[in-house]
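Just below is one structure, and these are the notes that go with it.
Nothing in this text is a laboratory measurement; each read-out follows from the coordinates by a stated rule. Keep in mind it's a predicted model, so treat the numbers as computed, not measured.
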Amino acid sequence: LALDPGEVREIAQLPDLMRALFHRITDDRTGWLALLELRLEATRRPELRTALTETLRTNLNANIEGRQAHGLPGDDTTTVLLYYAISGLILEQLTVPDVLAAFDVDRLIGDFTNRSLGDQ
C-alpha cells in the first residue's frame, strides 16, 4: 500500500496521501484483486500463507518506516490502524462498491485519517 517517496513529498497532508493511495489502487484494480485471490488461496495452502505473511509483514513495516522517514504525523500504531482502515475501504470499494454509494469516500478517508491522528 505504499506510495513512492516522490509522491509523498508532493502531498503535504496525511489525508491527501491516503486519498491518493486509495485512488491509485481502486483505479487499477487488477493487482489488488489478484492479491485478494492470493490471500484466499493462502487460507488453503500453509506454504503460501507463510510466504504471503512475510511479504505482507514486509509491506506493513515499509509503511511504518516510510512514515517515520518522511516525518508524517502519528506513530507506528497510527500507521497500522490507517493501513487496515484503507485496506478495508479498498476491499469494499473493489468488491461491493454500492455499499458505499451513499458516502463521499474522499471525505471518509479524511475523517478516519484525522480521527486516527487525534489532536496531533
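Observations, loosely collected:
- Shape call, segment 47-101: gyration tensor on alpha carbons, a/c limit 1.5: oblate
- Over the chain: Rg over Rh, Cα atoms, Kirkwood Rh: 0.97
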